[in-house]
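Any read-out appearing in this document is the output of simple, stated calculations on the displayed coordinates, not a laboratory observation. Predicted model only: the values in this text are computed from it and were never measured. Counting neighbours? That spans all protein chains shown, and the Cβs are built from the backbone with ideal geometry, glycine included.
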Amino acid sequence: MTDKRADLVCEGGGVRGIGLVGAVDVLAEAGYTFPRVAGSSAGSIVAAFVAALQKAGEPLGRLHDIVDAIDYTKFQDRSLVGRVPLIGSMLSLLTADGIYEGAHLESFVAGVLKDLGVRTFGDLRLGDAGDAGGNGLERKYAWSLVITASDLSRRRLVRIPWDLPAYKKDPDEFPVAKAVRASAAIPFLFQPVRVSGATWVDGGLVDDFPIELFDRPNSAEPLWPTFGIRLSARPGLVPPTHAVSGPFSIALAALGTLLSNQDAAYMNDPCTVRRTIFVPSDAVSPIDFDITAAQVDALYARGAESARGFLAGWDFAEYVTQCRHGFAG
């Protein structure tokens, strides 16, 4: 049987993350397993569940059931201050730096992971330095999951668990659900996560699609591919136009533009495009917590369809030949 391994990187996209699930399901049905998985924002949720399901020996088909059961309206968890009529949102912003707490998201993720035997990154360790799967991988590859967040205090991308020693935290003891909460903390909308005096928010603020995370150093050829799943149309297609009106809408639109445009040039790289599954999802807002069941089903179907189209044209040997000098270090 052909060995079908691929590392996986999932882009963020708020409630549109169900599109990631559709793509993952098709990849799994095609026989792929994922030694290492990474994600930002909504992608961190999917990535965490994929890593935990594989750790527990559970079929990745369960991912759809887990995500399908999410009640997105509960993510709008306001504090007592935030429930004050008319001015609650402003008071939350002023006192806690976010309208919603984000506690429900962390609790939900922690509950799913607990059922799969995962609490900390130590539960997802692949091996010690140089012994992750017997392939001489570096120490940073010793965990099956990487979650990214943006450190506003140090103005940098945080790769959890790789960068945790810089915050005086033991990588193996850090809760996965807390990392997911930080990665999904959209600025102003959700309260940031504080770690050792630093302020962490949505990983997409610095890099929403870190597909190069698992590339081998010194431009070495990969032992297996990295697949990326992105919640947007392929480069060159004109996205839909959204109405923007009012200060809050403008602020969110400005943030969304920053997140989407910061890696536009990078996404024009043909080698990046070649290994990326593009799931058109711009018709749905990332913060539409009232998303309908029909919209959820449509996003999942788009993810599945996009993955099938990707696999129909995928050839690892051809990719390596064409992109031999394009691997990041």
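Label separation (Ala294 vs Thr33): 4.1 nm, computed from points 7 Å beyond Cα along the C-beta direction.
Quick one: work out Rg over Rh on the C-alpha atoms of the range 1-76, Rh as Kirkwood radius. Before the final figure, lay out each step's value.
Numbers: Rg = 12.3 Å, Rh = 12.6 Å.
On the Cα set of the range 1-76, Rg over Rh gives 0.97.
Here the extension length gained between Asp315 and Val273 equals 13.8 nm, from 0.36 nm per residue of separation less the Cα-Cα distance. If the segment from Ala96 to Tyr167 were pulled out straight at 0.36 nm per residue, it would be longer than the present Cα-Cα gap by 23.4 nm.
What's log10 of I(q)/I(0) for the range 1-137 at q = 0.10, 0.17, 0.19 Å⁻¹, Debye sum over Cα points only, no solvent? Result of the Debye calculation: -0.42, -0.96, -1.12.
Relative to one another, the C-alpha centroids of the range 1-22 and the range 148-198 are positioned 22 Å apart. Distant-in-sequence amide contacts of Val9, defined by a placed amide H-H separation under 5 Å and a gap of 5 or more residues or a different chain, comprise Ala38, Phe227, Gly228, Ile229.
Any chance you could run the full-extension gain for Lys4 through Asp115? It's 0.36 nm times the residue separation minus the Cα-Cα distance, nm to one decimal. List each step's numbers first, then the result.
Values: separation 111, 0.36 × 111 = 39.96 nm, distance 2.71 nm.
Full extension of this stretch gives 37.2 nm more.
For Arg62 and Ile87, the FRET efficiency from 1/(1 + (r/R0)^6), where r spans their Cβ atoms and R0 equals 45 Å, is about 0.60.
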